[in-house]
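Just so you know, all these numbers are worked out from the coordinates, no wet-lab data involved. Not measured: the values here are computed from a predicted model. Glycine also receives a Cβ, built like all others from the backbone with ideal geometry; neighbour counts cover every protein chain displayed.
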């Protein structure tokens, strides 16, 4: 969609409710069927309150002496805390074998998905262990609200005083960036007899995850002669749905003799806010989608899911709902939202309730994130909880897409406000499990190469399409450490540019995120593809789409008009309104890939489970594996070729750019002697940027971006 914006001197930069127990305070009911009747019990010793062990994890980083305002009162309510249990090693091993067989076409169990009840009965913790933990909670006056069907999550309510008495940790008030928060001041403890079964609380604080939407930046006023296209009021090209269908070749599916449009498929986006349904209707009518039969509804799944109303993250939820139906325009889109509790994210409450339902959705999308290394059992959506959640999705045949983040290789730092990274290389803990598909982001290379007119028309079609063909792609990276940007200005490296008077204008963190997991080992389906390191770690992202927030003249349109939440009219002919209703971020790529999956599911005839192993199988066939790269195919499918790329490619291999950022400190930060700023590096003593794009798989875009028609047609 082409927009002519006159913006001189304002450059655009780029709960668990399935088992209603009715357990009253001080009385725990035994024999609750939520675990496995066949698993061997591991709680065999008498519970001695004097013999205690700390639970794994830590207090959140902000819970420190500088921010501490003292303990809350003992009567402070702690509602719907999620206490996580673990299954036994034998059950975990058997479950992993089951998941492998479900995706093995040679297996008699291929795509014989399990129900939530079967998961708990066959692979849950021992029923006796669940009963023992419930009884112990009752002794300490907690109210057990429910137990998830997988047997791993107990929803309990109580007070801060009960928490201190039972788990030996206090809840304190903290002031963080001028806002009040609560958190546990120390690591919780449990009696040693329970330690083999109890993992810990998914959260004891109220710091909610960040939506991965990043707005265009308009706060730069410096003279910028020779700046990248889009900095000085020239034509600005936003990606509309018809543009994406052209660039990534989805259109032939819509016009085929037997159209593939997502008909009969359902995509769910997970949120903690409602939206104005009229915004989805406006988006679809503005961009030529209303001629299709796709529908949109808002749901609040499960009896313990409270309607959140329209809240702060409405912009995120709106774009998720709109783009989840943009690539598969005949699909049914459901926005599943629950209100946040004191310590838990509503999107996860919705996800667990849906997965515990009799008819879980075939596809789910999440566009929120939190730093993996800070996301231990004491964190919102702790790593063990997220792993169990997406693992349950995989065994039920649910395809889960999660955005990798908008902080380039520095996910732990705030991409909205920070000028440089201080926490080093990190991944998004919501995307780094082996059971979801992690979606990254790219940018278009045409502005940097001066070929915009080759790929875009000055006018729009009736659906506001202006893209002409596939457009060469590079990494999405907004900062002075970008190797495309520092080369554009004639500097030898990011450190030199970031420490220059011009480069300081580009300090900041923004770009498609990628990096190795600090928690999960490399799944076997990811190993062996050309470019993926032999690091033994789950590496992100898996796959990418365009996600820039306007740095090189391109962003993505959406519609959020709710004035109560800072919205603006969705008038795409008005430059000011169009600017507000355009943005970037891997927020867009998760629902877009979920929409692509709806096309795949329609073609394949049913739900597909975690699609990541299939993505890698196809990519290995195209790029090569092990030490045998297919050099000819890698060249034919190089994203830099743009319109001249081979039409038979399933993936476009992105080989230009980086996801490096400026930094301070000693966490993966190389700072040349005498410089004010360093750049993120895999070495503190040398410049090994984190990370450059390379041939094949890389940390900037995973296996690259898809040719959607070829992906759907070649899906096994």
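Some observations on this one:
- Those residues of region 69-113 whose amide nitrogen sits under 14 Å from the label point placed on residue 49, 7 Å along Cα→Cβ: none
- Ratio of the Cα radius of gyration of region 52-205 to 2.2 N^0.38 Å, where N counts its residues: 1.25
- Our analysis of region 641-697 gives Rg over Rh at 1.21, with the two radii drawn from alpha carbon positions and Rh computed by the Kirkwood formula.
- Exposure proxy ranking, count of Cβ atoms within 10 Å, fewest first, for 682, 295, 261: 295, 682, 261
- Normalised contact order of region 52-205, rounded percent, pairs of Cα under 8 Å and 6 or more residues apart: 41
- Backbone N within region 294-326 under 16 Å of label point (7 Å from residue 563 Cα along the Cβ vector): none
- Whole-number percent relative contact order across region 585-703, with pairs defined as alpha carbons under 8 Å at least 6 apart: 17
- Taking only the alpha carbons of the chain, we obtain Rg and Dmax values of 24.9, 76 Å in that order.
- Percentage relative contact order, region 414-488, counting C-alpha pairs under 8 Å, at least six apart: 28
- You can think of it this way: the chain between residue 643 and residue 307 has 116.3 nm of extra reach, that is 0.36 nm per residue less the Cα-Cα gap.
- Each Cα pair of region 331-469 feeds into the Kirkwood radius, which the Stokes-Einstein equation turns, at 4 °C and 1.567 mPa s, into a diffusion coefficient of 74 µm²/s.
- Ordering 593, 296, 415, 588 from the fewest to the most neighbouring beta carbons within 10 Å gives 296, 415, 593, 588.
- Ellipticity at 222 nm from helices only: DSSP H runs of n ≥ 4 in the chain, each -39500 (n - 2.57), divided by the residue count, give -6500 deg cm²/dmol.
- Normalised convex hull volume, region 487-545, alpha-carbon set, Å³ per residue: 148
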